[in-house]
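*Asks:* Supplied in structure tokens, the structure appears directly below.
The values are calculated or read from the model by the stated rules, or taken from the named source; none is laboratory data. Since this is a predicted model, take the numbers as computed values, not measurements. For neighbour counting, all protein chains shown are included, and Cβ atoms are generated from backbone atoms with ideal geometry for every residue, glycine included.
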Amino acid sequence: MTDAPPTWLLTHRLRELATLLAATVDEAERDRLWSQADRLLEEAEAEEDADLALPVWEREVEGLRTRLEAWDAGRAPLPEWDKAVLRRAFKAYKKRLKLMRLDDESTAGVNPLSAGRESSILGIRPPEQYPAEVWAMLVAQGKLCDAGDGLLELATV
């Protein structure tokens, strides 16, 4: 049995740690938070990304914030870990949308002798196996649109 692929975003977890580090003055707590950041880099296999790993290894909150700001502004590409999570989430969303549309098109009220009808489903609730920050990131990237009430739609080009 294989483990399910991870669904957490490295950028989101590092942002949480940077916020905690900026607010913490206790050295023992700061060391614990930096150790947590080290483990995140290791789990995400991001030790080779020098722009990301150096601020963590050198314990520089400002360097980490600079990297986070570069991701937010689109000046730096997201880590490969996050790209893979976002790809899997987007694929899961599209698959669920396709299944919902097929189910809607094959309802019992349609005449079997007719050509059928197209589904009127435009958006769905995203799969729950991915956290909200994943869906927020896909909306921010313009791949999905927030339709309100927890529904997301595919972005129109």
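Residue-wise test of (1) modelled with pLDDT of 95 or more; (2) surrounded by 16 or more Cβ atoms within 10 Å (Cβ to Cβ); (3) more than 26 Å from Leu154 (Cβ to Cβ); (4) aromatic (Phe, Trp, Tyr).
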site: Ala44; (1), (2), (3), (4): no, yes, yes, no
site: Leu68; (1), (2), (3), (4): no, yes, yes, no
site: Pro77; (1), (2), (3), (4): no, no, no, no
site: Val85; (1), (2), (3), (4): yes, yes, no, no
site: Lys95; (1), (2), (3), (4): yes, no, no, no
site: Leu99; (1), (2), (3), (4): no, no, no, no
site: Asn111; (1), (2), (3), (4): no, no, yes, no
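*Asks:* If you don't mind, there's one more thing I want to ask. Can you find, within segment 46-58, the residue that is nearest to Trp81 (Cα to Cα) among those that are surrounded by 13 or more Cβ atoms within 10 Å (Cβ to Cβ) and of a type in the set (A, V, I, L, M, F, W, C)?
*Replies:* The extreme case among them is Ala46.
*Asks:* Continuing with the same structure: Anything in segment 1-42 that is buried (at least 18 other Cβ atoms within 10 Å of the Cβ) and part of a loop (DSSP other than H, G, I, E, B)? List them, or say none.
*Replies:* Passing the criteria: only Leu9.
*Asks:* Between a residue in segment 81-98 that is touching a residue at least 12 places away in the same chain (Cβ under 8 Å) and any residue that is in a helix (DSSP H, G or I) and of a type in the set (Phe, Trp, Tyr), which pairs come within a Cβ distance under 9 Å, given they are 6 or more apart or on different chains?
*Replies:* Asp82/Trp71; Ala89/Trp135; Tyr93/Trp135
*Asks:* Then there's this: Can you report the number of residues in segment 1-60 which are touching an Asp or Glu at 6+ places or on another chain (Cβ under 7 Å) and not polar (S, T, N, Q)?
*Replies:* Residues that pass the stated criteria total 6.
*Asks:* Please enumerate the residues belonging to segment 35-56 that are hydrophobic (A, V, I, L, M, F, W, C) and over 21 Å from Ala76 (Cβ atoms).
*Replies:* none
*Asks:* So, in segment 134-143, how many residues would count as being surrounded by fewer than 17 Cβ atoms within 10 Å (Cβ to Cβ) and part of a helix (DSSP H, G or I)?
*Replies:* The number of residues fulfilling the criteria is 3.
*Asks:* Take Ala115 and decide whether it is modelled with pLDDT under 95 and not assigned by TED's automatic domain parsing to the domain that holds Leu144.
*Replies:* Considered against the rule, which asks whether it is modelled with pLDDT under 95 and not assigned by TED's automatic domain parsing to the domain that holds Leu144, Ala115 comes out as yes.
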